[in-house]
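Report on one structure; see the data block that follows.
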Amino acid sequence: MELGIFGKRVLVTGGTRGLGKTVVLALAKGGARVVTCHHSAGAAADDLSRELKELGDQHHVVRADVTAEDDVQRLAGVCKEAFGGLDVVINNVGVVGEAPVGELSAEEWSRVLDTNLTAHFLVTQASLPLLAEGGSVINIGASAALRGRAATAHYTASKAALIGLTKSLAKELGPRGIRINTIAPGVIDKGGDLGPPPQMRERLAKMTALGRLGTTDDVAGAVLFFAGDLSRYITGTTLNVDGGI
Ligand SMILES: NC(=O)c1ccc[n+]([C@@H]2O[C@H](COP(=O)([O-])OP(=O)(O)OC[C@H]3O[C@@H](n4cnc5c(N)ncnc54)[C@H](OP(=O)(O)O)[C@@H]3O)[C@@H](O)[C@H]2O)c1
């Protein structure tokens, strides 16, 4: 059986760092054509562009804020011009936030909800005219959404809402042959000093059934499964990639 990602036209939001970057490079190495975006100026986007260039000329790194409708339309326009359509959309952008509920400002609530939920809606909606039959939409959630976590009510609320968005759109888009699923990572060690602080790593690892933190490759494996044809009869699901936390 083939993974079935070769030649697929893929949009990945937030592909210049972390999980998104691992996913973009895995797709490109597997023969997919990728458009990805980022928000800030800086070395991360240049580094990714350089790495993608070594894999071929068919990939594009675009600066676009996925919480802004105009930018999302422009991003969809890049996909249309580059590929003529899309087979896979990966809504990966997300931000964390930490504040006890009594100190959580409406502004911070909106920042997290806009980025983790509204952006997924905007990007999915703008991609619909481009998505081919048999297309796959993948939302990156978080397994903490269904467990709850103190001082992150806005984060877990945004990630839990993604599950409802996914399930409803699976019903709505299924007749067009479009699948939509959520991948819910646990605690991921992104390498260097990007994961949880050293004093927390051991404690968090012990909370998992597998006794270790996840890696970006662990998440990318699940993303590739949903992007490819092996998952062609799966829609509306949430797949936890959290080591059994
Ligand atoms: N890391 C974990 O342990 C973990 C656990 C559970 C779930 N997740 C989820 O996995 C996803 C990826 O997380 P991560 O930790 O890999 O993220 P990350 O390292 O912070 O990278 C985020 C990426 O998204 C881009 N981005 C952020 N805001 C954007 C916006 N408004 N418009 C366009 N691009 C934007 C960033 O670009 P710039 O740098 O240019 O802003 C960057 O490329 C998120 O949805 C997160 O909630 C992560």
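Some values worked out for this structure:
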{"read-out": "Surrounding net charge for Ala132, when Lys and Arg each add one and Asp and Glu each subtract one, Cβ distance under 10 Å", "value": "+1"}
{"read-out": "Cα centre as origin, Lys/Arg/Asp/Glu Cβ charges: region 9-241 dipole, Debye", "value": "680 debye"}
{"read-out": "Inter-label distance for Arg147 and Val101, nm, one decimal - labels placed 7 Å from Cα along Cα-to-Cβ", "value": "2.0 nm"}
{"read-out": "Tilt relative to the chain, helix 43-53 - C-alpha long axis, 0 to 90 degrees, to 10", "value": "40 degrees"}
{"read-out": "FRET efficiency, 1/(1 + (r/R0)^6) with R0 35 Å, evaluated for Met1 and Ser168 via beta carbons", "value": "0.70"}
{"read-out": "Gaussian network model of the chain, Cα within-10 Å springs - most flexible of Arg203, Arg179, Arg63", "value": "Arg203"}
{"read-out": "Whether region 9-241 is rounded, prolate or oblate, judged on the alpha carbon gyration tensor where a/c under 1.5 counts as rounded", "value": "rounded"}
{"read-out": "In nm, spacing of pseudo-spin labels at Arg74 and Asp217 (7 Å Cα→C-beta vector)", "value": "3.7 nm"}
{"read-out": "Gyration tensor verdict on region 75-188 (Cα atoms; rounded if a/c is under 1.5, prolate if a/b is larger than b/c, oblate otherwise)", "value": "prolate"}
{"read-out": "Order of Val241, Val123 under a 10 Å beta carbon neighbour criterion, fewest first", "value": "Val241, Val123"}
{"read-out": "Within-9-Å neighbourhood charge of Asp189 [Cβ basis; K, R +1; D, E -1]", "value": "+3"}
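FYI, it's all coordinate maths here, none of it is from the lab. Quick caveat, the model's predicted, so the values are computed rather than measured. Every residue, glycine among them, receives a Cβ derived from its backbone with ideal geometry; neighbour counts consider all protein chains shown.
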